[in-house]
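Report on the structure given below.
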Amino acid sequence: MNSTVHNPLRITFTGVDESADREAMWDLWSQYPIEWAFLFSPSQQGQGRYPSISFIADTIQRYQMDYAAHLSGGHSADVIAGRPFAHGAILAPWFKRVQINTSEKDLKIWQIANWANQRGLHLILKCSGAFPSDLSASWLFDQSAGRGNGQAAWPKPLPDVFCGYAGDLSPENVARTVSEIGAGTTNYWLEFEAGIRNGEDGFSVDRCRSVCEALYGREFVKPYGRKAALLQEAA
């Protein structure tokens, strides 16, 4: 029996706020296969986990890393209805993936995927059970809605399809989680939100680093990152 456990191909750290140490974010991204996700909501922007648009714009332009945009509330409703996203100008070329958070049923997934593709973005949608077979989007299993609520079991991944897992993930339980998910697939990512907040509910790059070190080790350097290039130059 194959007992090999595979680490995720990518880790998404969601909820970057204005308390985040952006130099530390840059340093961590340079070493590990991660992306940073910003939350967008018209009713909450500028509060807590939803930083101001000016902060987001400044960050993505000054620190050119891997970013995902997570759209909620009126923003996701606009995209689903075919209306313009109010802050669409900052999506390209800075963001690579976009997640549309919605509980709406009977989505026209092809239409949302076309919207994303036209902007050079890869679409992510959430599911709360088995992964759907529609491959117009990448699917993220999440029953927590960012609140850190755990679940009893993880769904099986689709064969040869990039699938995501989220919900109650933290530095304290990530190794156990990967031992369960990573035994069945090599092609997945993990998303963290509530589990990487500090005691003041601020975004903690230190806790993000703890996740990376728990999985990849302190000496890991991704082969395509800035640190790898510097090491090659020094060799």
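Assorted remarks:
- All conditions in (1) in contact with a helix residue (DSSP H, G or I) (Cβ under 9 Å, 6 or more places away or on another chain); (2) assigned to a helix (DSSP H, G or I); (3) closer than 26 Å to SER210 by Cβ hold for PHE55, with the sole exception of (1).
- Inclusion of PRO51 among residues that are without any contact (Cβ under 8 Å) to a residue 40 or more places away in the chain and crowded, with 21+ Cβ neighbours inside 10 Å is warranted.
- Candidates in region 75-104 are the residues that are surrounded by 16 or more Cβ atoms within 10 Å (Cβ to Cβ) and farther than 28 Å from GLN64 by Cβ; of these, the one that is farthest from the chain's Cα centre (by Cα) is ILE80.
- Within region 171-181, being surrounded by fewer than 18 Cβ atoms within 10 Å (Cβ to Cβ) and touching a residue at least 24 places away in the same chain (Cβ under 8 Å) holds for ALA175, SER179, GLU180.
- Among residues of region 71-93 that are assigned to a helix (DSSP H, G or I), none has a Cβ under 6 angstrom from a residue that is among the acidic types (Asp, Glu) and buried (at least 17 other Cβ atoms within 10 Å of the Cβ) at a sequence gap of 6+ or on a separate chain.
- Counted residues, region 1-31 - those being farther than 16 Å from ALA175 by Cα, of a type in the set (Ser, Thr, Tyr) and assigned to a loop (DSSP other than H, G, I, E, B): 1
Yes or no, residue by residue, for (1) in a loop (DSSP other than H, G, I, E, B); (2) modelled with pLDDT of 95 or more; (3) among the hydrophobic types (A, V, I, L, M, F, W, C):
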position: LYS126; (1), (2), (3): no, yes, no
position: PHE131; (1), (2), (3): yes, yes, yes
position: GLY148; (1), (2), (3): yes, no, no
position: GLN151; (1), (2), (3): yes, no, no
position: TRP154; (1), (2), (3): yes, no, yes
position: PRO159; (1), (2), (3): yes, no, no
position: SER170; (1), (2), (3): yes, yes, no
position: ALA183; (1), (2), (3): yes, no, yes
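- Consider region 137-146 and keep the residues that are modelled with pLDDT of 95 or more and either part of a loop (DSSP other than H, G, I, E, B) or in contact with a Phe, Trp or Tyr (Cβ under 6 Å, 6 or more places away or on another chain) (or both). The one that is surrounded by the most Cβ atoms within 10 Å (Cβ to Cβ) is TRP139.
- Scanning region 56-77 for residues that are among the hydrophobic types (A, V, I, L, M, F, W, C) and over 12 Å from HIS87 (Cβ atoms) yields MET65, ALA68, ALA77.
- Residue match in region 61-74 (condition: surrounded by fewer than 14 Cβ atoms within 10 Å (Cβ to Cβ), charged (D, E, K, R) and modelled with pLDDT of 95 or more): yes
- Within region 19-42, residues that are touching a residue at least 60 places away in the same chain (Cβ under 8 Å) have Cβ atoms under 6 Å from residues that are part of a strand (DSSP E or B) and surrounded by fewer than 20 Cβ atoms within 10 Å (Cβ to Cβ) in these pairs: PRO33/ARG10, counting only partners at least 6 apart in sequence or on another chain.
- Residues in region 32-47 that are part of a strand (DSSP E or B), surrounded by 15 or more Cβ atoms within 10 Å (Cβ to Cβ) and polar (S, T, N, Q): none.
- Residue within region 111-123 that is over 28 Å from TYR216 (Cβ atoms) and either β-branched (Val, Ile, Thr) or in contact with a Cys (Cβ under 8 Å, 6 or more places away or on another chain) (or both) present: yes
- Residue within region 187-199 that is modelled with pLDDT of 90 or more, assigned to a loop (DSSP other than H, G, I, E, B) and among the charged types (D, E, K, R) present: yes
The values are calculated or read from the model by the stated rules, or taken from the named source; none is laboratory data. None of the values given here were measured: they were computed from a predicted structure. Neighbour counts run over all protein chains shown; Cβ positions are idealised from the backbone, glycine included.
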